[in-house]
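The values are calculated or read from the model by the stated rules, or taken from the named source; none is laboratory data. Just so you know, these numbers come straight off a predicted model, no measurement behind them. Counting neighbours? That spans all protein chains shown, and the Cβs are built from the backbone with ideal geometry, glycine included.
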């Protein structure tokens, strides 16, 4: 039994729609993973900045303490 032209076109359209849905899902997952990765990178950068500020504060305090002890 042969598949007529209408059924063949319906199957083609269904396959095209499935491919579109799959690509749309893959694009959505890619966007989601990009947002998650971006949030992680931002958190790491904030932690690095806070670490740098704490180090700088301790270094300035120790420098002024050293300078103060030399002048006494």
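Per-residue answers, yes or no, for (1) modelled with pLDDT under 95; (2) at negative phi; (3) exposed (fewer than 10 other Cβ atoms within 10 Å of the Cβ):
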position: 2; (1), (2), (3): yes, yes, yes
position: 6; (1), (2), (3): yes, yes, yes
position: 22; (1), (2), (3): yes, yes, no
position: 32; (1), (2), (3): no, yes, no
position: 38; (1), (2), (3): no, yes, no
position: 46; (1), (2), (3): no, yes, no
position: 54; (1), (2), (3): no, yes, no
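Which of the numbered conditions does residue 72 fail, given that it passes all the others? Conditions: (1) surrounded by 10 or more Cβ atoms within 10 Å (Cβ to Cβ); (2) not in a helix (DSSP H, G or I). The number of the failed condition is (1).
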